[in-house]
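Only one structure is covered here, and it is reproduced in the block below.
The values are calculated or read from the model by the stated rules, or taken from the named source; none is laboratory data. Please read all numbers here as calculations on a predicted model, not as lab measurements. Please note: Cβ atoms are built from the backbone with ideal geometry, for glycine as well, and neighbour counts cover all protein chains shown. Side chains included, ligands, DNA and RNA excluded: accessible areas come from the protein's heavy atoms. Shrake-Rupley method; radii C 1.70, N 1.55, O 1.52, S 1.80 Å.
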Amino acid sequence: MGEQEKAAPRRRDSERRRREILEAAAEIVVTRGPSALTHRAIAAHAGIPLGTITRHFPSIDALRETALETVGTENEAELDVVQRELTNHPDPAARLAELMHEDHLDIRQAHASIAMITAAVHDDRLRSLARRWSERLTEILTAHCDPESARAMARYVDGALVETVLSDGPPSTATMTRALRALMSPSPAEGE
């Protein structure tokens, strides 16, 4: 067996291990919060020897950031759906409310989004990662309203997410629709 033949299986195994570590780390971040992420917790969750984890990720900070980037990628995929669904929709506020209600019903996804936000509160390096979702949602919404209204709508969606996680579920679709329609409507100019 040549050197190249030996290297390929090791590389695939190494890539598989790295992926397993990241999946376990992302799951811990989502279910228990970013502060619960340790090499030992990942080893226990994934059933992988501790030395394997530290060999792939010697820094827990780098591992946390990479795990949160994985969670962020999941969130960005959701925004692709939002953008497609709102394009040419006759009532973008109502459709956004439906999509966000469905999204917030997925408690794992809701916790993932909150994990991104809470990690960014304590780590300046993660702020841009955490803000990407709101910034992209704002961009998507500017196709349907003015930029100020789009920002307000994105902030409302973030607030509804917090309410979802802290209470027994998301606001109703009707409640979200009313709020989003009100935010989407341009406010009268001062002095009118």
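Tell me the angle of helix 60-86 to the major Cα principal axis of the chain, expressed in degrees between 0 and 90 and rounded to the nearest ten. Once rounded, the angle reads 40 degrees.
In whole percent, how big is the carbon plus sulfur part of the accessible area of the stretch 110-157, probe 1.4 Å, protein atoms only? Accessible surface attributable to carbon and sulfur in the stretch 110-157 totals 52 percent.
Starting from the Cα gyration tensor of the stretch 123-180, take the square roots of the eigenvalues, sort them a ≥ b ≥ c, and report rounded, prolate or oblate (rounded when a/c is under 1.5, otherwise prolate if a/b is larger than b/c, else oblate).
oblate
Only helices enter the 222 nm calculation for the chain: every DSSP H run of n ≥ 4 contributes -39,500 (n - 2.57), and dividing by all residues gives -26000 deg cm²/dmol, rounded to 500. With all protein chains in place and ligands, DNA and RNA left out, the 1.4 Å accessible area ranks 16, 125 as 125, 16, largest first. Shown here: mean projected area of the Cα convex hull in nm², derived from the displayed model; of the candidates [x] 10.1; [y] 14.7; [z] 14.1, it corresponds to [y]. As a length-normalised measure over Cα pairs under 8 Å and 6 or more apart, the relative contact order of the chain settles at 20 percent. Between the listed residues 90, 75, 105, the Cα displaced farthest toward the positive end of the dipole of the stretch 1-122, a dipole computed from Cβ unit charges relative to the Cα centre, is found at 75.
Based on Cβ point charges of +1 for Lys and Arg and -1 for Asp and Glu, what charge dipole magnitude is obtained for the stretch 106-192 about its Cα centre, in debye rounded to the nearest 20? That gives a dipole near 260 debye. On a per residue basis, the stretch 110-153 carries 52 Å² of accessible surface, using protein heavy atoms and a 1.4 Å probe. Residues with beta-carbon under 11 Å from that of residue 38, excluding residue 38: net charge, scoring Lys, Arg +1 and Asp, Glu -1? Taking every other residue near residue 38 into account, the sum is +3.
In this Cβ point-charge picture (+1 for Lys and Arg, -1 for Asp and Glu), the stretch 1-156 has a dipole of about 800 debye about its Cα centre. To the nearest 0.05, how large is the calculated FRET efficiency for residue 118 and residue 167 if R₀ is 22 Å and r is the Cβ-Cβ distance? E between residue 118 and residue 167, to the nearest 0.05, is 0.80.
If r is the Cβ-Cβ distance from residue 32 to residue 128 and R0 is 25 Å, what FRET efficiency results, to the nearest 0.05?
Details: r = 24 Å, r/R0 = 0.96.
It comes out at approximately 0.55.
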